Every structure is written in C-alpha cells, then in structure tokens.
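> I have a structure here, written as structure tokens, and I will follow up with some questions on it.
The values are calculated or read from the model by the stated rules, or taken from the named source; none is laboratory data. Note that the coordinates shown come from a computational prediction; the quantities given were computed from them, not determined experimentally. Positions of Cβ are generated from backbone atoms using ideal geometry, with glycine treated the same way; all protein chains shown enter the neighbour counts. When the accessible area is computed, the model is the full protein with side chains, heavy atoms only, and any ligands, DNA or RNA have been set aside. Shrake-Rupley method; radii C 1.70, N 1.55, O 1.52, S 1.80 Å.
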Amino acid sequence: MRMLFLGSGSAFTVGADNYQSNVLLTSASGRNLLLDCGSDLRFAMHRVGLRVSEIHDIYISHAHADHVGGLEYVGFSTLFAPNVPKPRLFVQRQLARPLWEHTLKGGMGITEHGPADLGTYFDVHEVDEGFVWEGTEVSLVRTPHVVSEAATMRSYGLMLSVEARRVFFTTDTCYAPDVLAESYERADVIFHDCETAVAKSGVHAHFDELAQLPERTRRKMWLYHYEAGPLPDAKAAGFLGFVARGQQFEF
C-alpha cells in the first residue's frame, strides 16, 4: 500500500508549496482511498496529475472544511461525468446525517433532476467501529478535537492494519495523551497532526506538547497538519520528522 500526502499543511495553509492535509492511499490493485476531502483538493490533485475519476473511495473524519470542503467538487464532477461511478463514501454513522444536513445540503440539495441527498452523489457506507478496504482492516479511533463546556466535537482517526504493521493516522485531535495512549502503544508508525504556531489553539496537539511524549512514542511519529513558516527541529526532538507535501510512504 502507498500513502501519498497530497498536502501536509493546516486548515489555513497558504503558500509554502503546501495544501491541506488530505492523503491518498493506493492499494496493490490500484484502487484509491482519499483520507479526507478538503477545500484545497482540486489544486492538490492537479499538482500530482490526479483525475477526479481516480478517486474511487473517500473517508471523512469530521466536518471541518479542510476535511470536507472538496466533497461538492468531487460529487458534482462525478455525477455529471459519463461512465464515472459514484465514489464510495465511508463515514462514521453519527456523522453522516450532520455532514449532509449542516454542511453539504445547501449547495447540493437539488439538481436539475430534482431533490438530491448524499446518496445521489456517493455510494454511502455508514460505519461504526471500522471497515475493510482492499483487504486492509481499518479501525476508527475517536479523538477529542474541539472541546468546550457545552460540547465536544469528535474526529475519527484511523488505525490501519497492513499485514503485520499498524499505522495510526490521527486526523485531528487536541493533545490527549491519556485518551490516545493505547493507540500510540499499538501503532508501529504514527502520523500525528501537529500545530506549530506561536499561539496554541487548543484544538490540535502542539509541537511543544507532543515533545513531552515518551521517547518510544516520538521515535515512531511523523508530524503533519502544521502551519506555514519556520518549523522546529523535529528530528532533534526525537520525532521521525515533518511530512512534506508529496511525500510517499510504502507499507
């Protein structure tokens, strides 16, 4: 399996030769699974020569625009393209209805053929604990993303079991070492969202916070979803490094 970072930047990345952190998995058979589908997607796809017809499957972790803002582009493009099947859309069951009702319906709720719903554009697969993709077991890991007194916005990270290796992809999470301790321990490789701005937002783990994790965790961790500008020395801090746009990994 190949993992290609179409972008590795934060939601508000501008310039720095980077895009939002959307990732393409390609199986041995050539089928593609897009991990999140953000607003930058069409530019990131164009950069690597990826056509919308090559997006076979999509996984959505949560409803922020850098993770779902490209769904309208993919949905309309495939709906009106001849002989292009609907992409399969994997989404946690509790997220599926809000994704449509609160995020997509305003722009996609009607076509010239009449009312539309999420199933008009995608082959929707609502999942609970996980799914199997191209023989790979994909387990959902619920993470705390935006936490307030009133409510908590969850994101659903992924644990990929690729043969004998386990790859943990956080999607978005605040610093929550106690919540994620089991996933950190189980994983052989970790791709962790990492804030690098001077001011900490509290909705992503910050580099300074992740640097407090045990050495055994840091030495198997790649960092992504960072802001444009100078970056700390991740390798000196015991990490594998910051992921660059276009960087590929093989599992």
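> Just give me the residues in the stretch 185-199 being farther than 21 Å from L24 by Cβ, out of contact with any Lys or Arg (no Cβ under 8 Å at 6 or more places or on another chain) and either open to solvent by less than 10 Å² (accessible area, probe 1.4 Å) or not in a loop (DSSP other than H, G, I, E, B) (or both), in sequence order. Show your work before the answer.
The first filter runs over the stretch 185-199 and keeps only residues farther than 21 Å from L24 by Cβ, leaving 185-186, 195-199.
From what is left, the residues that are out of contact with any Lys or Arg (no Cβ under 8 Å at 6 or more places or on another chain) are 185, 195-199.
Scanning the stretch 185-199 gives E185, E195.
> Here is a further query. Can you pull out the residues in the stretch 131-174 that are acidic (D, E), within 22 Å of L89 (Cβ to Cβ) and either open to solvent by less than 50 Å² (accessible area, probe 1.4 Å) or touching a residue at least 40 places away in the same chain (Cβ under 8 Å) (or both)? Break it down into steps so the answer makes sense when it comes.
So in the stretch 131-174, the residues acidic (D, E) come out as 134, 137, 149, 163, 172.
In the following step, the residues that additionally are within 22 Å of L89 (Cβ to Cβ) were identified as 134, 137, 172.
Correct list: E134, D172.
> Going residue by residue through the stretch 175-195, is there one that turns out to be over 21 Å from G246 (Cβ atoms) and touching a residue at least 60 places away in the same chain (Cβ under 8 Å)?
The answer is yes; a qualifying residue exists.
> Would you be able to tell me the number of residues in the stretch 3-48 that are among the polar types (S, T, N, Q) and within 12 Å of the chain's Cα centre (by Cα)?
Looking only at the stretch 3-48, we keep the residues that are among the polar types (S, T, N, Q), and these are 8, 10, 13, 18, 20-22, 26-27, 29, 32, 39.
This time we only want the ones that are within 12 Å of the chain's Cα centre (by Cα), so: 8, 10, 20-22.
Total meeting the criteria: 5.
> Of all residues being assigned to a loop (DSSP other than H, G, I, E, B) and closer than 13 Å to F43 by Cα in the stretch 14-29, which is modelled with the lowest pLDDT? Just the residue, please. Explain how you work it out, then say what you get.
Of the stretch 14-29, the ones assigned to a loop (DSSP other than H, G, I, E, B) are 14-19, 21-22, 27-29.
Cutting the leftovers down to closer than 13 Å to F43 by Cα gives us 14-15, 17-19, 21-22.
Details: V14: 89, G15: 85, D17: 92, N18: 97, Y19: 98, S21: 98, N22: 97.
Here the answer is G15.
> Right, another one. Please work out which one of (1) surrounded by fewer than 16 Cβ atoms within 10 Å (Cβ to Cβ); (2) in contact with a Pro (Cβ under 8 Å, 6 or more places away or on another chain); (3) within 30 Å of L50 (Cβ to Cβ) is the condition G241 fails and give its number.
The one condition G241 does not meet is (2).
> Mind checking which residues of the stretch 147-163 are over 14 Å from D193 (Cα atoms) and either in a strand (DSSP E or B) or touching a His at 6+ places or on another chain (Cβ under 6 Å) (or both)? Give the derivation first.
Residues of the stretch 147-163 that are over 14 Å from D193 (Cα atoms), as a first pass: 147-154, 159-163.
Hits for the stretch 147-163 are V147, T152, M153, R154, M159, L160, S161, V162.
> Can you name the helices (runs of 4 or more DSSP H) wholly within the stretch 83-130 that have at least 1 residues being open to solvent by 60 Å² or more (accessible area, probe 1.4 Å)? Show your work before the answer.
Values: elements: 93-98, 105-108, 118-121.
Per the criteria, 93-98, 105-108.
> Do we have P230 as over 16 Å from the mean Cα position of the chain (by Cα) and surrounded by fewer than 14 Cβ atoms within 10 Å (Cβ to Cβ) here? Walk me through it before giving the result.
Details: over 16 Å from the mean Cα position of the chain (by Cα): yes; surrounded by fewer than 14 Cβ atoms within 10 Å (Cβ to Cβ): yes.
Yes; evaluated as a whole, the condition is true for this residue.
> Another question, if that's okay. Would you say L180 is more than 19 Å from P98 (Cβ to Cβ), part of a strand (DSSP E or B), among the hydrophobic types (A, V, I, L, M, F, W, C) and open to solvent by less than 40 Å² (accessible area, probe 1.4 Å)? Spell out how you get there, then give the answer.
Numbers: more than 19 Å from P98 (Cβ to Cβ): yes; part of a strand (DSSP E or B): no; among the hydrophobic types (A, V, I, L, M, F, W, C): yes; open to solvent by less than 40 Å² (accessible area, probe 1.4 Å): yes.
Here the answer is no, as L180 does not meet what is asked.
> Do we find a residue being assigned to a loop (DSSP other than H, G, I, E, B), buried (at least 19 other Cβ atoms within 10 Å of the Cβ) and over 18 Å from the mean Cα position of the chain (by Cα) anywhere in the stretch 200-216? Spell out the reasoning first.
Within the stretch 200-216, the first condition is being assigned to a loop (DSSP other than H, G, I, E, B), and the residues that meet it are 200-205, 211-214.
Filter again for buried (at least 19 other Cβ atoms within 10 Å of the Cβ), leaving 203-205, 213.
Cutting the leftovers down to over 18 Å from the mean Cα position of the chain (by Cα) gives us 213.
Among the residues of the stretch 200-216, at least one is assigned to a loop (DSSP other than H, G, I, E, B), buried (at least 19 other Cβ atoms within 10 Å of the Cβ) and over 18 Å from the mean Cα position of the chain (by Cα), which makes the answer yes.
> Sticking with this structure for a sec: What number of residues within the stretch 35-68 are outside any helix (DSSP H, G or I), free of Cβ contacts under 8 Å to residues at least 40 places away in the same chain and either of a type in the set (S, T, N, Q) or open to solvent by less than 50 Å² (accessible area, probe 1.4 Å) (or both)? Steps first, please.
Filtering the stretch 35-68 for residues outside any helix (DSSP H, G or I) gives 35-40, 49-51, 55-64.
Okay, now just the ones that are also free of Cβ contacts under 8 Å to residues at least 40 places away in the same chain, so 37-40, 49, 51, 55-56, 60.
Filter once more, so that each one left must be either of a type in the set (S, T, N, Q) or open to solvent by less than 50 Å² (accessible area, probe 1.4 Å) (or both): 37-40, 55, 60.
Count: 6.
> Do we find that G70 is over 30 Å from R165 (Cα atoms) and in contact with a Cys (Cβ under 8 Å, 6 or more places away or on another chain) in this structure?
Values: over 30 Å from R165 (Cα atoms): yes; in contact with a Cys (Cβ under 8 Å, 6 or more places away or on another chain): yes.
Answer is yes for this residue.
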